[in-house]
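The values are calculated or read from the model by the stated rules, or taken from the named source; none is laboratory data. It should be emphasised that the depicted structure is a prediction, and the values quoted were computed from it without experimental measurement. We place every Cβ from the backbone using ideal geometry, glycine too, and count neighbours over all the protein chains shown.
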């Protein structure tokens, strides 16, 4: 591992004397020696540390400047963030996708981390930042991939390519005015989408006050999906849903090693929310059927004065990875189904393109589409 | 002859004594009628509880389990406090050991009756919760007498909201906040991760922050 201690020392020297960040709180940034990205600089300017009752709050803001030290274009990067003294059982990651960074070009990565720990705990809070992976434009990958960032970034890249293709075809068939209309619809869709705060706890129920019932999944069958959900249920108690069990069938001619089922919940007032997803690493041969089980509990907080009560659930296959590493994601047509339209956000790439349109106008959007 | 401590007899009846201690206790019980009777009482009580647990009927759904848990906690604590008080009262009069044994048996019987009352009206899915509560009390109150494994560490909780995502563990929190952005999409995976996706308003970059459990 190549240590960036020299760089950190220089950063420390540049920090103003009245900085509220303790030296002990500065992170240790380690990239592998053969990493295709270099750390050029790190700025922790707005970071601070304060006492909150019996706890110590560390607001850590890092603005890193990285350089593509390799020969291929970078499409995505995932950095892993951990603080062993604070949460030995948990870690975080920051992933940037839809990048277009050529050799020797630089790009920024922002990390906004907050750590809360008891005051009496040890004084040092060693935050570690490392590299989990880099995705290149040919979909090749570099990195330890401990957080499955290869799959995460590849899925994002597939979505980005699908949506760029779609908007290019809109431009080709309907001209700039049709593209403008699509962007306005996308911005409206983003604003209308309902959002929900969710907690996930490993294992059994978080509370025991509500009687529990078993609820069957209804399924949205996407025509091109290589996986067919056959059956499914979860245990519901008030605002908690736990232990989902799903039965899926591989209806493609290729073996499948990963799939994800999106989980939509409907509450007592008729509202729909995308509650979460049930991922599964498996080995599913063509035509084979398999069961998926997750021993975890989803908990939804109150919506205003009324507690959310789950009345029914819908599942749909949201992504599939074949054994050969290729991926399947729903088509734009699949996503146009009214139920998915209500709950699914536009893809990351669609949001990025809509932002370019909103900030810089139609000409900039067309130029961006033509870059790829 | 010096009699065995009551806690030691209880551990023997529950099969929780180590090899050497068990051998020594069994050797003493073989020669001491009083301790043998005490041991038989503990064994009977344990058997009764086991049998009752097997034939537990269903309870009505509207029971307040939190209140029941508090009540049983309170009663066990009262029983323990009474036992301690009786033990203190009993100390200066070692010539009358029967009073202490009788009091202990009364408390044991009362606890047994109380336990039976709950067990008979306990639905199976609630048994686990009640047992966990009792285990916690045992660890907190008499953990030095009855050997117990360490308390289970607090479960890690992963949370996602539009303001950020976090993993909480033993009162400590690691959060990834989202900077100024044009709307965020929150996602939760049942494998134990939470994510928030947004387009950074300053850089225009598509960013996905995630927090995970350790096993990920």
Filtered residue count, region A:327-355, keeping only those that are away from every other protein chain (no Cβ under 12 Å), in a loop (DSSP other than H, G, I, E, B) and in contact (Cβ under 8 Å) with a residue 24 or more places away in the chain = 4
Do we find a residue being in a loop (DSSP other than H, G, I, E, B) and touching a residue at least 40 places away in the same chain (Cβ under 8 Å) anywhere in region A:271-290?
-> yes
Residue in region B:140-161 that is more than 7 Å from chain A (Cβ to nearest Cβ), surrounded by 17 or more Cβ atoms within 10 Å (Cβ to Cβ), within 30 Å of residue A:193 (Cα to Cα) and at pLDDT 55 or above present | no
Scanning region A:42-66 residue by residue, those within 23 Å of the chain's Cα centre (by Cα) and buried (at least 16 other Cβ atoms within 10 Å of the Cβ) turn out to be A:59, A:60, A:61, A:62, A:63, A:64, A:66
Just a yes or no: is a residue in region A:134-142 within 13 Å of another protein chain (Cβ to nearest Cβ), buried (at least 23 other Cβ atoms within 10 Å of the Cβ), under 28 Å from residue A:60 (Cβ atoms) and modelled with pLDDT of 90 or more?
-> yes
What tally of residues in region A:282-294 results from selecting those that are within 24 Å of the chain's Cα centre (by Cα) and either surrounded by 18 or more Cβ atoms within 10 Å (Cβ to Cβ) or facing chain B (nearest Cβ under 9 Å) (or both)?
-> 2
Restricted to region A:188-206 and to residues being out of contact with any strand residue (DSSP E or B) (no Cβ under 7 Å at 6 or more places or on another chain) and more than 9 Å from chain B (Cβ to nearest Cβ), the residue modelled with the highest pLDDT is A:188
Every listed condition ((1) facing chain A (nearest Cβ under 7 Å); (2) at pLDDT below 85; (3) part of a strand (DSSP E or B)) holds for residue B:209 save (2)
Being in contact with a strand residue (DSSP E or B) (Cβ under 6 Å, 6 or more places away or on another chain) and at pLDDT below 90, is that true of even one residue in region A:322-343?
-> yes
Starting from residues that are under 18 Å from the mean Cα position of the chain (by Cα) and within 10 Å of chain B (Cβ to nearest Cβ), keep the ones in region A:106-131 and report whichever is modelled with the highest pLDDT.
-> A:109
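Does at least one position in region A:110-118 carry a residue that is farther than 25 Å from residue A:202 by Cα, surrounded by 21 or more Cβ atoms within 10 Å (Cβ to Cβ) and assigned by TED's automatic domain parsing to the domain that holds residue A:53?
Yes - at least one qualifying residue is present in region A:110-118.
Rundown of residues vs (1) closer than 30 Å to residue A:212 by Cβ; (2) surrounded by fewer than 16 Cβ atoms within 10 Å (Cβ to Cβ); (3) modelled with pLDDT of 85 or more, yes/no style:
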site	(1), (2), (3)
B:28	no, no, yes
B:31	no, yes, yes
B:41	no, no, no
B:59	yes, no, no
B:71	yes, yes, no
B:78	no, yes, no
B:90	no, no, no
